[in-house]
Amino acid sequence: MSTPVTTFVERASREVNTPKVRAVDAGARLLTAKRLKGVEEYPAMDSMRDRAREIRLHTVAHLDTYLEQFAEAVEAVGGKVFFARDADEANGYIRRVARDASAELIVKSKSMVTEEIGMNAALEADGVQIVETDLGEFIVQLANERPSHIVAPVMHKTRQDVGELFARELDVPYTEDPAELNKIARQYLRQRFLRADIGVSGANFGVASTGSICLVTNEGNGRLTTTAPRIHIAVMGMERLVPTPGDLGVMLEILARSAVGQRLTVYTNVVTGPRRPGDPDGPDEFHVIILDNGRSQVLGGSTSEILACIRCGACLNVCPVYREVSGHAYSDVYSGPMGAVLVPSLFNIEGNEQLPYASTLCGACVDVCPVRIEIPDLLLALRQRVVEDGDAFRWLGSAMSAYKVAATRPRAWRAALSSGALFGRAVRSGWVGRLPGPGGAWTDSRDLQMPAKEPFHDWWRRNRGS
Amino acid sequence: MDRDAFLAGVRTAVARNRVPNASAIDPGPLVPDLPPVDLVAMFSEILERVDGHVHTGDALQALDEVVALYGAGPFLSWDTDRLPVSGAVAHLEELGCGRAEAEVSNQPDARKAHQVGYGDVHIGLTGAEAGFAETGSIVLRSGLGRPRMASLVPLIHVALLPAALIFRSPMHWLAEPETDIASDSNVVYITGPSRTADIEQQLNLGVHGPKELHVILI
Ligand code: SF4
């Protein structure tokens with residue numbers, strides 16, 4: 001998934017101004033409004049964000065220690081730990097477990113990291129059936145598409161789209177009533193849960209001191225995935241740890257509020273090892289795959305702060321670029337500002353060199369990020385990397401000197417942009433049309449320094465939540 | 001990959017890491033000093049806001065109400081000695097509900113055959129070890145006599161919670177010295193019935209977990 005065959009600009013150009021993208025924009029605005037309400041009713045939000053940032057940065061800075069502690073704790077409660085350098089190793093391990101169990105059916109709860117490693121395709125090649133169980137992911141899987149949002153995967157689809165899809169793929173009468181569609185999915189998926197051989201989940205957090213993993217879902221598919229099948233495999237990016245249960249508590253205070261404005265997700269599920277003697281149910285086997293897949297490279301580089309991300313999706317919802325092009329314009333499951341940093345950092349910058357430019361550097365993402373990740377700074381660091389890699393930069397043409405200056409003097413660049421000029425202009429004038437195409441020069445570069453007619457924050461306040 | 005080699009790689013990366021503020025975590029108190037509130041009232045209000053229902057008063061009578069609302073049917077339950085109301089299981093049986101076997105085999109085929117039968121489970125009866133007033137949540141712990149499925153597969157989940165176990169917030173509960181989230185294989189916070197807003201952000205209840213959540217305060 002790391003080397004897209006098309007560029008961001010090409011994909012974005014297909015998306016912009018389509019009904020699909022308008023649906024994503026509306027959805028993102030709604031989520032932003034919900035977040036705002038959730039944050040307003042929670043006076044401790046700002047101090048919790050500070051604390052959460054400290055916890056995440058501290059964990060990342062001592063990741064070797066916490067990983068070792070976590071692995072020992074998982075094993076102490078009877079779980080198995082596998083360290084995977086890359087996607088192939090992770091998939092290879094899952095395939096071995098599946099083969100040993102003669103597994104035919106795997107249920108999966110929503111997990112970005114299994115998308116990252118292309119797990120479904122790897123397992124399907126062995127003849128194992130994989131069923132996505134998050135309603136949105138299930139719809140995406142049936143439609144053979146990709147999620148357009150990390151929290152709300154089918155934000156781009158209307159109820160009619162889903163009705164037609166279910167009628168076609170599940171052989172049910174057409175309905176566009178969300179309650180009916182919901183019921184159809186419940187019935188279809190329920191029997192698969194109860195018969196599945198293996199449940200594969202991600203992990204929102206791992207707790208180093210106890211070896212627990214925490215999974216949050218509103219639907220309950222996370223709980224079913226980790227309870228019904230005899231074998232549970234959790235795939236976890238290696239940076240997803242927190243040191244203690246108290247630290248997990250801090251994360252939970254801010255995660256659901258930032259994502260959708262909820263005080264807590266409906267099911268906050270903490271799993272510590274397999275079923276124990278006396279437990280009437282639960283999985284007999286518990287495996288954790290700890291995945292590097294480029295993360296140690298990120299950790300040692302200039303964008304390591306992105307490893308603090310807790311995948312709440314808030315930065316997507318406020319991003320003027322994301323909202324104009326949807327998650328489908330990005331080259332991986334990770335989209336929006338977070339994805340624009342993570343994907344070129346994790347994988348090669350080659351093939352992803354446009355992503356660091358898929359941003360107006362307006363800073364809306366930092367304002368909402370629960371762990372206050374300085375995304376614009378990280379994007380600038382990546383731009384610098386693109387600049388230094390002359391070859392990868394040909395597509396920008398000759399008008400890049402402005403960027404070269406900017407990329408090496410980030411503070412001046414941000415100051416120039418803090419007026420929000422680009423944001424307002426971009427939105428009103430159709431931002432994508434002015435993006436540099438692979439064959440063209442960056443003829444509009446002077447626009448970047450034009451002063452704002454209306455400062456960004458004013459514009460934002462006027463428009464948000466509407 | 002070999003663990004030592006993996007960790008050695010991480011160690012090298014950590015040594016090069018330039019993340020800001022990466023020192024030790026501020027150990028200051030996480031539980032703010034707040035003016036006291038009526039925890040039961042707050043719990044009830046917030047739980048109802050997330051589409052749960054709260055019953056106070058006689059627990060067995062509350063069970064009558066639940067069965068009158070949704071009808072009788074097969075139920076999965078925690079064992080009587082794990083519930084704060086000793087007559088609850090027997091009472092549901094008297095109301096015409098049949099208790100389903102909750103012990104799942106460790107033989108793969110027997111396990112599947114057993115679980116497929118959970119398709120008709122109508123009611124789940126559980127206890128709860130804590131409640132959170134600020135979030136309207138209840139905490140359930142797996143273990144002997146406490147099947148996880150009882151709060152997961154039925155359409156209607158009924159939880160018996162002693163009102164004295166309601167804490168102000170999850171952080172307050174975690175700050176208690178006796179709280180241990182890892183001493184059993186599963187601890188779950190449940191905040192209202194199962195919900196989704198995946199299709200056009202329209203709220204729908206009961207997508208995978210229970211559609212109704214009734215908390216009976218003891
Ligand atoms: S970068 Fe921050 S706002 Fe964006 S998904 Fe990650 S934690 Fe959320």
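Does A:Glu104 count as of a type in the set (D, E, K, R) and under 23 Å from the mean Cα position of the chain (by Cα)? Spelling it out, it is not the case that A:Glu104 is of a type in the set (D, E, K, R) and under 23 Å from the mean Cα position of the chain (by Cα).
A single entry from B:Leu160, B:Leu155 fulfils the requirement of being surrounded by fewer than 23 Cβ atoms within 10 Å (Cβ to Cβ), farther than 21 Å from A:Thr244 by Cβ, more than 7 Å from every other protein chain (Cβ to nearest Cβ) and at pLDDT 95 or above: B:Leu155.
Yes or no: segment B:167-179 includes at least one residue that is touching a residue at least 12 places away in the same chain (Cβ under 8 Å) and under 14 Å from the mean Cα position of the chain (by Cα). Yes, segment B:167-179 has at least one match.
Suppose we filter B:Gly57, B:Gly98 for residues that are touching a residue at least 12 places away in the same chain (Cβ under 8 Å) and either over 22 Å from B:Ser185 (Cβ atoms) or within 14 Å of another protein chain (Cβ to nearest Cβ) (or both); which single one remains? Give the derivation first.
On the way: B:Gly57 fails: touching a residue at least 12 places away in the same chain (Cβ under 8 Å).
Of the residues listed, the single one that is touching a residue at least 12 places away in the same chain (Cβ under 8 Å) and either over 22 Å from B:Ser185 (Cβ atoms) or within 14 Å of another protein chain (Cβ to nearest Cβ) (or both) is B:Gly98.
When the residues of segment A:337-370 are filtered to those that are within 15 Å of the ligand (Cβ to nearest atom), more than 15 Å from the chain's Cα centre (by Cα) and assigned to a loop (DSSP other than H, G, I, E, B), the one that is farthest from the other protein chains (Cβ to nearest Cβ) is A:Ala358.
So A:Ile130 fits all but one of (1) modelled with pLDDT of 90 or more; (2) within 13 Å of another protein chain (Cβ to nearest Cβ); (3) surrounded by 15 or more Cβ atoms within 10 Å (Cβ to Cβ); what number is the exception? Only one criterion is unmet by A:Ile130, namely (2).
Of all the residues in segment A:224-267, those that are closer than 26 Å to A:Arg51 by Cα, in contact with a Pro (Cβ under 8 Å, 6 or more places away or on another chain) and at the interface with another protein chain (Cβ under 9 Å from one of its Cβ atoms) number 5. Hey, could you check segment A:56-80 for residues that are facing chain B (nearest Cβ under 9 Å), more than 20 Å from the chain's Cα centre (by Cα) and open to solvent by less than 10 Å² (accessible area, probe 1.4 Å) and say which is nearest to A:Val288 (Cα to Cα)? Among residues in segment A:56-80 that are facing chain B (nearest Cβ under 9 Å), more than 20 Å from the chain's Cα centre (by Cα) and open to solvent by less than 10 Å² (accessible area, probe 1.4 Å), the one nearest to A:Val288 (Cα to Cα) is A:Ala71. Out of the residues in segment A:180-194 meeting the condition of being over 26 Å from B:Asn106 (Cβ atoms) and among the hydrophobic types (A, V, I, L, M, F, W, C), tell me which one is most open to solvent (accessible area, probe 1.4 Å). Among them, the one singled out is A:Ile184.
Restricted to segment A:142-169, and to residues there that are more than 17 Å from the chain's Cα centre (by Cα) and polar (S, T, N, Q), the residue that is surrounded by the fewest Cβ atoms within 10 Å (Cβ to Cβ) is A:Asn144. Beta carbons closer than 7 Å, at least 6 apart along the sequence or on distinct chains, pair a first residue in segment A:327-347 that is modelled with pLDDT under 85 with a second that is near the ligand (Cβ under 10 Å from one of its atoms) and assigned to a helix (DSSP H, G or I) for A:Asp332/A:Gly339.
With A:Pro243, A:Pro280 as the choices, which residue is surrounded by fewer than 23 Cβ atoms within 10 Å (Cβ to Cβ), farther than 23 Å from B:Arg148 by Cα and assigned by TED's automatic domain parsing to the domain that holds A:Met112?
Exactly one of A:Pro243, A:Pro280 is surrounded by fewer than 23 Cβ atoms within 10 Å (Cβ to Cβ), farther than 23 Å from B:Arg148 by Cα and assigned by TED's automatic domain parsing to the domain that holds A:Met112, namely A:Pro243.
Taking residues in segment A:235-262 that are under 22 Å from B:Val10 (Cα atoms) and of a type in the set (Asp, Glu), and partners anywhere that are open to solvent by 10 Å² or more (accessible area, probe 1.4 Å) and within 12 Å of the ligand (Cβ to nearest atom), the pairs with Cβ atoms closer than 9 Å and at least 6 places apart or on different chains are A:Glu239/A:Cys309. Considering (1) in contact with a helix residue (DSSP H, G or I) (Cβ under 6 Å, 6 or more places away or on another chain); (2) outside any loop (DSSP other than H, G, I, E, B), the lone condition that B:Val187 does not fulfil carries the number (1).
Residue check: is A:Val266 among the hydrophobic types (A, V, I, L, M, F, W, C) and in contact with a helix residue (DSSP H, G or I) (Cβ under 7 Å, 6 or more places away or on another chain)? Against the criterion (among the hydrophobic types (A, V, I, L, M, F, W, C) and in contact with a helix residue (DSSP H, G or I) (Cβ under 7 Å, 6 or more places away or on another chain)), A:Val266 does not qualify. Only one entry in A:Tyr93, A:Tyr42 is part of a helix (DSSP H, G or I), hydroxyl-bearing (Ser, Thr, Tyr) and open to solvent by 10 Å² or more (accessible area, probe 1.4 Å), namely A:Tyr93. When every residue of segment A:81-89 is checked against the conditions, at least one turns out to be modelled with pLDDT of 95 or more, open to solvent by less than 10 Å² (accessible area, probe 1.4 Å) and not in a helix (DSSP H, G or I).
Specify which of the listed residues (B:Thr126, B:Thr196, B:Thr135) is free of Cβ contacts under 8 Å to residues at least 24 places away in the same chain and either of a type in the set (Val, Ile, Thr) or open to solvent by 40 Å² or more (accessible area, probe 1.4 Å) (or both). Residue meeting the stated conditions: B:Thr196. Here A:Thr265 fulfils each of the conditions (1) under 30 Å from B:Ala102 (Cβ atoms); (2) more than 16 Å from the ligand (Cβ to nearest atom); (3) open to solvent by 10 Å² or more (accessible area, probe 1.4 Å) apart from (2).
Can you find, within segment A:283-315, the residue that is farthest from the ligand (Cβ to nearest atom) among those that are of a type in the set (Ser, Thr, Tyr) and open to solvent by less than 10 Å² (accessible area, probe 1.4 Å)? Before the answer, list the steps.
Taking segment A:283-315 and keeping what is of a type in the set (Ser, Thr, Tyr), we get A:296, A:302-304.
The next check asks that each one be open to solvent by less than 10 Å² (accessible area, probe 1.4 Å); those that pass are A:303-304.
Details: A:Thr303: 12, A:Ser304: 13 Å.
Among those residues, the one meeting the criterion is A:Ser304.
Checking each residue in segment A:96-115 for being modelled with pLDDT of 95 or more and either among the charged types (D, E, K, R) or open to solvent by 40 Å² or more (accessible area, probe 1.4 Å) (or both) picks out A:Arg96, A:Arg99, A:Asp100, A:Ser102, A:Glu104, A:Lys108.
Based on what the data block shows, is A:Ala101 at the interface with chain B (Cβ under 10 Å from one of its Cβ atoms) and not β-branched (Val, Ile, Thr)? Against the criterion (at the interface with chain B (Cβ under 10 Å from one of its Cβ atoms) and not β-branched (Val, Ile, Thr)), A:Ala101 qualifies.
Which residues, counting only those in segment B:199-216, are assigned to a strand (DSSP E or B), open to solvent by 10 Å² or more (accessible area, probe 1.4 Å) and more than 7 Å from chain A (Cβ to nearest Cβ)? Those that are assigned to a strand (DSSP E or B), open to solvent by 10 Å² or more (accessible area, probe 1.4 Å) and more than 7 Å from chain A (Cβ to nearest Cβ): B:Leu205, B:Glu212.
So which residues in segment A:195-229 are assigned to a helix (DSSP H, G or I) and open to solvent by 10 Å² or more (accessible area, probe 1.4 Å), if there are any at all? Answer for segment A:195-229, where residues must be assigned to a helix (DSSP H, G or I) and open to solvent by 10 Å² or more (accessible area, probe 1.4 Å): just A:Arg195.
The values are calculated or read from the model by the stated rules, or taken from the named source; none is laboratory data. Nothing here was measured: the structure is a model prediction, and the numbers come from that model. Note that we place each Cβ from the backbone using ideal geometry, even for glycine, and neighbour counts take in every protein chain shown. For the accessible areas, the whole protein counts, side chains as well, though only heavy atoms, and no ligand, DNA or RNA atoms are used. Shrake-Rupley method; radii C 1.70, N 1.55, O 1.52, S 1.80 Å.
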